[in-house]
Amino acid sequence: MSSLSRELVFLILQFLDEEKFKETVHKLEQESGFYFNMKHFEDLVQGGEWDEVERYLSGFTKVEDNRYSMKIFFEIRKQKYLEALDRHDRAKAVEILVKDLKVFASFNEELFKEITQLLTLDNFRQNEQLSKYGDTKSARNIMLMELKKLIEANPLFRDKLNFPPFKASRLRTLINQSLNWQHQLCKNPRPNPDIKTLFTDHSCAAPTNGARAPPPANGPLVGPIPKTAGFPPMGAHAPFQPVVSPSPNAIAGWMTNPNPSLPHPAIAQGPPGLVQPPNTAAFLKHPRTPTSAPGIDYQSADSEHLMKRMRVGQPDEVSFSGASHPPNVYSQEDLPKQVVRTLNQGSNVMSLDFHPVQQTILLVGTNVGDIGIWEVGSRERIAHKTF
(Lines give C-alpha, C1' and ligand atoms only; values in the text may rest on other atoms or scores of the structure.)
Protein backbone atom coordinates (compact mmCIF):
# COMPACT_ATOMS: atom_id res chain seq x y z
CA MET A 1 0.00 0.00 0.00
CA SER A 2 1.32 3.45 -0.90
CA SER A 3 2.27 5.97 1.75
CA LEU A 4 -0.70 8.22 0.92
CA SER A 5 -3.13 5.30 1.11
CA ARG A 6 -1.68 4.38 4.48
CA GLU A 7 -2.12 7.97 5.68
CA LEU A 8 -5.72 7.95 4.46
CA VAL A 9 -6.38 4.95 6.73
CA PHE A 10 -5.09 6.99 9.69
CA LEU A 11 -7.35 9.91 8.73
CA ILE A 12 -10.32 7.55 8.63
CA LEU A 13 -9.30 6.07 12.00
CA GLN A 14 -9.24 9.55 13.50
CA PHE A 15 -12.63 10.42 11.96
CA LEU A 16 -14.22 7.20 13.24
CA ASP A 17 -12.83 7.80 16.71
CA GLU A 18 -14.13 11.40 16.77
CA GLU A 19 -17.55 10.19 15.64
CA LYS A 20 -17.54 7.51 18.40
CA PHE A 21 -17.65 4.50 16.05
CA LYS A 22 -15.64 2.57 18.60
CA GLU A 23 -16.05 -0.98 17.30
CA THR A 24 -15.41 0.12 13.72
CA VAL A 25 -12.23 1.94 14.76
CA HIS A 26 -10.71 -1.19 16.31
CA LYS A 27 -11.89 -3.37 13.44
CA LEU A 28 -10.08 -1.12 10.96
CA GLU A 29 -6.98 -1.13 13.18
CA GLN A 30 -7.00 -4.91 13.12
CA GLU A 31 -7.77 -5.32 9.40
CA SER A 32 -5.26 -2.72 8.21
CA GLY A 33 -2.54 -3.78 10.66
CA PHE A 34 -1.19 -0.21 10.66
CA TYR A 35 -1.79 0.75 14.28
CA PHE A 36 -1.83 -1.44 17.37
CA ASN A 37 -3.99 0.31 19.94
CA MET A 38 -2.34 -0.64 23.22
CA LYS A 39 -5.08 0.99 25.32
CA HIS A 40 -7.76 -1.07 23.57
CA PHE A 41 -5.65 -4.21 24.00
CA GLU A 42 -5.25 -3.52 27.75
CA ASP A 43 -9.00 -3.08 28.16
CA LEU A 44 -9.67 -6.41 26.44
CA VAL A 45 -7.14 -8.27 28.60
CA GLN A 46 -8.33 -6.72 31.85
CA GLY A 47 -11.91 -7.57 30.88
CA GLY A 48 -10.98 -11.19 30.16
CA GLU A 49 -12.35 -11.01 26.59
CA TRP A 50 -9.94 -13.70 25.41
CA ASP A 51 -11.52 -14.43 22.02
CA GLU A 52 -11.47 -10.74 21.13
CA VAL A 53 -7.90 -10.41 22.44
CA GLU A 54 -6.69 -13.09 20.02
CA ARG A 55 -8.85 -11.75 17.19
CA TYR A 56 -7.29 -8.28 17.58
CA LEU A 57 -3.79 -9.73 17.78
CA SER A 58 -4.39 -11.74 14.60
CA GLY A 59 -4.28 -8.53 12.56
CA PHE A 60 -0.66 -8.05 13.55
CA THR A 61 0.90 -11.47 14.24
CA LYS A 62 0.34 -15.24 14.46
CA VAL A 63 1.56 -17.83 16.95
CA GLU A 64 4.31 -19.19 14.71
CA ASP A 65 5.71 -15.82 13.49
CA ASN A 66 8.54 -15.58 16.02
CA ARG A 67 9.39 -16.41 19.63
CA TYR A 68 7.91 -13.13 20.91
CA SER A 69 4.57 -13.87 19.27
CA MET A 70 4.60 -17.46 20.55
CA LYS A 71 5.22 -16.25 24.10
CA ILE A 72 2.41 -13.64 23.81
CA PHE A 73 -0.18 -16.23 22.75
CA PHE A 74 1.06 -18.76 25.32
CA GLU A 75 0.70 -16.32 28.22
CA ILE A 76 -2.83 -15.37 27.14
CA ARG A 77 -4.00 -18.97 26.77
CA LYS A 78 -2.32 -20.06 30.01
CA GLN A 79 -4.15 -17.28 31.88
CA LYS A 80 -7.45 -18.34 30.33
CA TYR A 81 -6.71 -21.95 31.40
CA LEU A 82 -5.84 -20.96 34.98
CA GLU A 83 -9.00 -18.87 35.34
CA ALA A 84 -11.12 -21.86 34.25
CA LEU A 85 -9.37 -24.01 36.88
CA ASP A 86 -9.91 -21.31 39.51
CA ARG A 87 -13.65 -21.36 38.73
CA HIS A 88 -13.54 -25.18 39.03
CA ASP A 89 -14.81 -25.35 35.45
CA ARG A 90 -12.78 -28.43 34.52
CA ALA A 91 -14.67 -29.08 31.30
CA LYS A 92 -13.71 -25.60 30.01
CA ALA A 93 -10.14 -26.09 31.25
CA VAL A 94 -9.84 -29.36 29.30
CA GLU A 95 -11.22 -27.68 26.19
CA ILE A 96 -8.64 -24.88 26.45
CA LEU A 97 -5.88 -27.40 27.05
CA VAL A 98 -6.75 -29.41 23.95
CA LYS A 99 -7.71 -26.61 21.55
CA ASP A 100 -5.44 -23.75 22.61
CA LEU A 101 -2.42 -25.06 24.53
CA LYS A 102 -1.79 -28.30 22.63
CA VAL A 103 -0.04 -26.33 19.84
CA PHE A 104 2.81 -25.49 22.22
CA ALA A 105 3.54 -29.14 23.03
CA SER A 106 5.75 -29.49 19.95
CA PHE A 107 7.94 -26.62 21.16
CA ASN A 108 8.14 -27.55 24.87
CA GLU A 109 6.66 -30.92 25.71
CA GLU A 110 7.74 -30.84 29.35
CA LEU A 111 5.96 -27.56 29.95
CA PHE A 112 2.77 -28.88 28.34
CA LYS A 113 2.87 -31.96 30.62
CA GLU A 114 3.29 -29.76 33.69
CA ILE A 115 0.31 -27.65 32.67
CA THR A 116 -1.76 -30.77 32.11
CA GLN A 117 -0.99 -32.05 35.63
CA LEU A 118 -2.68 -28.97 37.11
CA LEU A 119 -6.00 -30.68 36.31
CA THR A 120 -5.28 -33.24 39.07
CA LEU A 121 -4.98 -30.57 41.80
CA ASP A 122 -7.89 -29.22 43.82
CA ASN A 123 -6.16 -25.85 43.80
CA PHE A 124 -3.49 -25.18 41.17
CA ARG A 125 -1.74 -22.88 43.71
CA GLN A 126 -0.41 -26.07 45.25
CA ASN A 127 2.05 -26.02 42.36
CA GLU A 128 5.19 -24.29 43.63
CA GLN A 129 5.53 -22.01 40.62
CA LEU A 130 1.92 -20.86 40.96
CA SER A 131 1.87 -20.49 44.74
CA LYS A 132 1.91 -16.69 44.52
CA TYR A 133 -0.97 -16.53 42.03
CA GLY A 134 -3.45 -14.05 43.57
CA ASP A 135 -6.95 -13.16 42.48
CA THR A 136 -8.01 -12.92 38.84
CA LYS A 137 -7.70 -9.13 38.54
CA SER A 138 -4.15 -8.93 39.93
CA ALA A 139 -3.08 -11.94 37.83
CA ARG A 140 -4.35 -10.26 34.66
CA ASN A 141 -2.49 -7.04 35.49
CA ILE A 142 0.77 -8.92 36.11
CA MET A 143 0.37 -10.80 32.83
CA LEU A 144 -0.45 -7.56 31.02
CA MET A 145 2.85 -6.00 32.07
CA GLU A 146 4.67 -9.01 30.61
CA LEU A 147 2.63 -8.83 27.38
CA LYS A 148 3.42 -5.15 26.86
CA LYS A 149 7.14 -5.86 27.14
CA LEU A 150 6.86 -8.69 24.62
CA ILE A 151 4.86 -6.56 22.17
CA GLU A 152 7.30 -3.65 22.38
CA ALA A 153 10.23 -6.05 21.78
CA ASN A 154 8.51 -7.84 18.90
CA PRO A 155 9.85 -6.51 15.54
CA LEU A 156 6.44 -7.14 13.92
CA PHE A 157 4.99 -4.31 16.04
CA ARG A 158 7.72 -1.83 15.18
CA ASP A 159 6.29 1.52 14.00
CA LYS A 160 2.76 0.32 14.83
CA LEU A 161 2.52 1.41 18.45
CA ASN A 162 2.38 5.19 17.91
CA PHE A 163 -0.39 7.07 16.14
CA PRO A 164 1.00 9.72 13.72
CA PRO A 165 0.76 13.30 15.03
CA PHE A 166 -1.66 15.55 13.11
CA LYS A 167 -4.37 18.05 13.99
CA ALA A 168 -7.85 17.03 15.06
CA SER A 169 -10.61 16.58 12.44
CA ARG A 170 -8.05 16.48 9.63
CA LEU A 171 -10.33 14.58 7.22
CA ARG A 172 -13.12 17.15 7.65
CA THR A 173 -10.60 19.93 7.05
CA LEU A 174 -9.43 18.37 3.79
CA ILE A 175 -13.02 17.94 2.59
CA ASN A 176 -13.82 21.56 3.45
CA GLN A 177 -10.75 22.74 1.57
CA SER A 178 -11.83 20.68 -1.45
CA LEU A 179 -15.36 22.12 -1.39
CA ASN A 180 -14.07 25.67 -1.00
CA TRP A 181 -11.83 25.15 -4.01
CA GLN A 182 -14.68 23.66 -6.04
CA HIS A 183 -16.85 26.64 -5.06
CA GLN A 184 -14.18 29.11 -6.20
CA LEU A 185 -14.21 27.43 -9.62
CA CYS A 186 -17.94 28.07 -10.02
CA LYS A 187 -18.93 30.48 -12.77
CA ASN A 188 -21.48 32.03 -10.43
CA PRO A 189 -20.29 31.50 -6.83
CA ARG A 190 -22.89 32.31 -4.22
CA PRO A 191 -22.09 33.72 -0.77
CA ASN A 192 -24.09 30.99 1.01
CA PRO A 193 -23.86 27.75 -0.96
CA ASP A 194 -25.98 24.82 0.10
CA ILE A 195 -23.80 21.68 0.08
CA LYS A 196 -26.12 18.69 -0.16
CA THR A 197 -23.78 15.86 -1.19
CA LEU A 198 -20.15 14.80 -1.33
CA PHE A 199 -20.83 12.14 -3.95
CA THR A 200 -20.42 14.60 -6.84
CA ASP A 201 -18.40 17.77 -7.35
CA HIS A 202 -19.98 20.95 -6.04
CA SER A 203 -21.41 23.37 -8.62
CA CYS A 204 -23.37 26.63 -8.45
CA ALA A 205 -26.56 27.46 -10.29
CA ALA A 206 -26.59 30.64 -12.37
CA PRO A 207 -28.02 33.68 -10.50
CA THR A 208 -31.43 34.85 -11.69
CA ASN A 209 -30.38 38.50 -12.17
CA GLY A 210 -27.27 37.67 -14.19
CA ALA A 211 -24.91 39.25 -11.65
CA ARG A 212 -21.86 37.53 -10.18
CA ALA A 213 -21.92 37.04 -6.45
CA PRO A 214 -18.76 37.55 -4.43
CA PRO A 215 -16.74 34.43 -3.60
CA PRO A 216 -17.36 32.95 -0.17
CA ALA A 217 -14.99 33.35 2.72
CA ASN A 218 -12.74 30.36 3.16
CA GLY A 219 -14.96 28.87 5.83
CA PRO A 220 -16.04 25.28 6.32
CA LEU A 221 -18.69 24.55 3.71
CA VAL A 222 -19.63 21.20 5.24
CA GLY A 223 -20.32 22.56 8.66
CA PRO A 224 -18.45 22.95 11.90
CA ILE A 225 -15.54 20.72 12.75
CA PRO A 226 -16.05 19.64 16.34
CA LYS A 227 -13.29 19.74 18.87
CA THR A 228 -12.94 16.21 20.16
CA ALA A 229 -10.80 14.29 22.55
CA GLY A 230 -7.65 12.80 21.11
CA PHE A 231 -7.35 9.23 19.90
CA PRO A 232 -7.33 7.10 23.09
CA PRO A 233 -3.59 6.35 23.34
CA MET A 234 -2.55 9.59 21.74
CA GLY A 235 -1.99 11.54 24.92
CA ALA A 236 1.20 9.72 25.69
CA HIS A 237 2.50 9.41 22.14
CA ALA A 238 1.31 12.28 19.98
CA PRO A 239 -0.97 14.96 21.46
CA PHE A 240 -3.17 16.81 18.99
CA GLN A 241 -2.68 20.47 18.24
CA PRO A 242 -5.24 22.89 19.71
CA VAL A 243 -8.28 23.55 17.57
CA VAL A 244 -8.91 27.09 16.32
CA SER A 245 -12.28 28.80 16.01
CA PRO A 246 -13.81 29.31 12.55
CA SER A 247 -14.46 32.54 10.73
CA PRO A 248 -17.77 34.22 11.69
CA ASN A 249 -19.28 33.55 8.25
CA ALA A 250 -18.68 29.80 8.34
CA ILE A 251 -21.32 28.12 6.21
CA ALA A 252 -23.40 25.32 7.70
CA GLY A 253 -23.96 22.27 5.56
CA TRP A 254 -24.67 18.55 5.61
CA MET A 255 -22.41 17.84 8.61
CA THR A 256 -24.12 19.17 11.68
CA ASN A 257 -22.38 19.87 14.94
CA PRO A 258 -23.86 17.90 17.85
CA ASN A 259 -22.65 20.64 20.19
CA PRO A 260 -22.70 24.06 18.49
CA SER A 261 -20.89 25.67 21.41
CA LEU A 262 -17.68 23.76 20.68
CA PRO A 263 -15.06 25.61 18.63
CA HIS A 264 -13.78 24.16 15.37
CA PRO A 265 -10.93 25.02 13.02
CA ALA A 266 -11.41 27.40 10.13
CA ILE A 267 -10.45 26.16 6.71
CA ALA A 268 -6.93 27.02 5.70
CA GLN A 269 -5.98 28.54 2.35
CA GLY A 270 -5.67 26.04 -0.48
CA PRO A 271 -2.24 24.68 -1.36
CA PRO A 272 0.03 26.95 -3.41
CA GLY A 273 -0.42 24.84 -6.53
CA LEU A 274 -4.15 25.59 -6.56
CA VAL A 275 -3.98 29.35 -6.09
CA GLN A 276 -4.55 31.45 -9.21
CA PRO A 277 -1.16 32.66 -10.54
CA PRO A 278 -0.53 36.39 -10.18
CA ASN A 279 0.14 36.89 -13.89
CA THR A 280 -3.41 35.80 -14.68
CA ALA A 281 -4.76 38.37 -12.24
CA ALA A 282 -2.61 41.04 -13.91
CA PHE A 283 -4.22 40.30 -17.27
CA LEU A 284 -7.70 40.61 -15.79
CA LYS A 285 -7.41 43.51 -13.40
CA HIS A 286 -8.34 46.51 -15.65
CA PRO A 287 -11.50 46.44 -17.79
CA ARG A 288 -11.25 49.16 -20.42
CA THR A 289 -13.86 51.11 -22.39
CA PRO A 290 -12.81 52.87 -25.65
CA THR A 291 -14.32 56.28 -26.36
CA SER A 292 -15.22 55.25 -29.89
CA ALA A 293 -17.37 52.38 -28.73
CA PRO A 294 -18.94 53.27 -25.37
CA GLY A 295 -21.07 50.12 -25.21
CA ILE A 296 -18.17 47.64 -25.30
CA ASP A 297 -15.73 46.73 -22.47
CA TYR A 298 -12.23 45.57 -23.29
CA GLN A 299 -9.83 43.50 -21.26
CA SER A 300 -6.11 43.38 -21.67
CA ALA A 301 -6.15 39.89 -23.29
CA ASP A 302 -7.50 36.41 -23.22
CA SER A 303 -4.63 35.06 -21.10
CA GLU A 304 -5.10 31.43 -22.05
CA HIS A 305 -5.10 32.32 -25.74
CA LEU A 306 -2.03 34.50 -25.29
CA MET A 307 -0.07 31.91 -23.30
CA LYS A 308 -0.70 29.30 -25.99
CA ARG A 309 0.75 31.67 -28.59
CA MET A 310 3.80 32.38 -26.45
CA ARG A 311 4.46 28.69 -25.86
CA VAL A 312 4.31 27.50 -29.46
CA GLY A 313 5.87 30.60 -30.98
CA GLN A 314 2.95 31.32 -33.28
CA PRO A 315 2.27 34.70 -34.89
CA ASP A 316 2.36 38.00 -33.44
CA GLU A 317 -1.19 39.07 -32.93
CA VAL A 318 -2.91 40.56 -29.94
CA SER A 319 -6.53 39.52 -29.38
CA PHE A 320 -9.10 41.40 -27.33
CA SER A 321 -12.40 40.16 -25.93
CA GLY A 322 -15.69 41.96 -25.65
CA ALA A 323 -16.69 40.33 -22.33
CA SER A 324 -15.90 41.91 -18.97
CA HIS A 325 -15.82 40.63 -15.40
CA PRO A 326 -15.46 42.43 -12.11
CA PRO A 327 -12.28 41.77 -10.16
CA ASN A 328 -12.81 38.34 -8.69
CA VAL A 329 -11.43 34.83 -8.56
CA TYR A 330 -11.60 33.33 -12.07
CA SER A 331 -11.34 29.88 -13.52
CA GLN A 332 -10.35 29.13 -17.09
CA GLU A 333 -14.03 28.79 -17.94
CA ASP A 334 -14.58 32.44 -16.94
CA LEU A 335 -11.99 33.82 -19.40
CA PRO A 336 -13.43 35.55 -22.49
CA LYS A 337 -13.53 33.43 -25.63
CA GLN A 338 -14.78 35.82 -28.35
CA VAL A 339 -12.13 37.78 -30.32
CA VAL A 340 -13.21 41.34 -31.24
CA ARG A 341 -9.84 42.95 -32.12
CA THR A 342 -6.81 41.44 -33.89
CA LEU A 343 -3.72 43.65 -34.02
CA ASN A 344 -0.61 42.51 -35.95
CA GLN A 345 2.48 43.47 -33.94
CA GLY A 346 5.04 41.80 -36.23
CA SER A 347 6.68 39.45 -33.68
CA ASN A 348 5.72 37.34 -30.67
CA VAL A 349 4.01 39.37 -27.92
CA MET A 350 5.62 39.05 -24.48
CA SER A 351 3.98 41.86 -22.47
CA LEU A 352 1.17 44.39 -22.71
CA ASP A 353 -0.59 46.98 -20.58
CA PHE A 354 -3.14 49.78 -20.97
CA HIS A 355 -2.50 53.45 -20.30
CA PRO A 356 -3.63 54.26 -16.71
CA VAL A 357 -5.71 57.27 -17.87
CA GLN A 358 -6.47 56.86 -21.60
CA GLN A 359 -7.83 53.35 -21.35
CA THR A 360 -7.90 52.57 -25.07
CA ILE A 361 -4.14 53.11 -25.48
CA LEU A 362 -2.27 49.78 -25.32
CA LEU A 363 1.50 49.32 -24.90
CA VAL A 364 2.85 46.07 -26.39
CA GLY A 365 6.34 44.53 -25.98
CA THR A 366 7.67 41.65 -28.11
CA ASN A 367 10.22 38.87 -27.78
CA VAL A 368 12.73 40.73 -29.98
CA GLY A 369 12.55 43.92 -27.93
CA ASP A 370 10.20 45.90 -30.19
CA ILE A 371 7.69 48.25 -28.54
CA GLY A 372 4.39 49.29 -30.08
CA ILE A 373 1.61 51.65 -28.95
CA TRP A 374 -1.91 50.93 -30.26
CA GLU A 375 -5.25 52.71 -30.17
CA VAL A 376 -7.46 49.64 -29.85
CA GLY A 377 -10.67 51.47 -30.71
CA SER A 378 -9.48 52.47 -34.19
CA ARG A 379 -6.99 49.57 -34.54
CA GLU A 380 -4.22 52.07 -35.39
CA ARG A 381 -0.62 51.67 -34.27
CA ILE A 382 0.32 55.10 -32.95
CA ALA A 383 4.02 54.41 -32.44
CA HIS A 384 6.56 51.67 -33.05
CA LYS A 385 10.14 51.43 -31.80
CA THR A 386 12.59 48.61 -32.55
CA PHE A 387 15.08 47.28 -30.03
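For the reader, a short list of remarks on this structure follows.
- Between amide H atoms placed 1.01 Å from N, distances below 5 Å from Leu352 occur with Gly365, all of them 5 or more places distant or on a separate chain.
- Region 80-90 - phi-based ³J(HN,Hα) in whole Hz, Karplus 6.51/-1.76/1.60, Gly and Pro as x: 4, 5, 5, 5, 5, 5, 5, 8, 6, 9, 5
- Amide H contacts under 5 Å for Gln359, placed H, 5+ residues apart: none
- On full extension, the segment bounded by Leu363 and Arg90 gains 88.4 nm, given 0.36 nm per residue less the C-alpha separation.
- Projecting label points 7 angstrom from Cα along Cα→Cβ for Glu109 and Ser2 puts them 5.4 nm apart.
- Three-way shape call for region 1-137 based on the alpha-carbon gyration tensor, with the a/c threshold at 1.5: prolate
- Couplings 3J(HN,Hα) of region 371-387, computed from phi: 10, x, 10, 10, 9, 5, x, 9, 6, 9, 8, 6, 8, 8, 9, 7, 5 Hz, in residue order, whole Hz [Karplus 6.51 cos²θ - 1.76 cosθ + 1.60, θ = phi - 60°; x for Gly and Pro].
- Potential lengthening between Lys20 and Asp159 on full extension [0.36 nm per residue; Cα-Cα distance subtracted]: 47.5 nm
- Accessible surface of region 63-204, 1.4 Å probe, proportion on carbon and sulfur as whole %: 52 percent
- For region 36-157, the solvent-accessible area with a 1.4 angstrom probe is 55 square angstrom per residue.
- Between Lys149 and His355, the contour length at 0.36 nm per residue exceeds the Cα-Cα span by 66.5 nm.
- Relative contact order (percent, whole number), region 36-157, Cα cutoff 8 Å, 6+ residue spacing: 32 percent
- The modelled label-to-label distance between Ser378 and Lys167, using points 7 Å beyond Cα along the C-beta direction, is 5.8 nm.
- Of the Cα atoms belonging to region 140-196, the radius of gyration and Dmax stand at 22.7, 66 Å.
The values are calculated or read from the model by the stated rules, or taken from the named source; none is laboratory data. From a predicted model like this one, the values you see are computed outputs, not experimental measurements. Cβ atoms come from the backbone with ideal geometry, glycine included; neighbour counts cover every protein chain shown. Heads up: the accessible areas ignore ligands, DNA and RNA and are worked out on the full protein's heavy atoms, side chains in. Shrake-Rupley method; radii C 1.70, N 1.55, O 1.52, S 1.80 Å.
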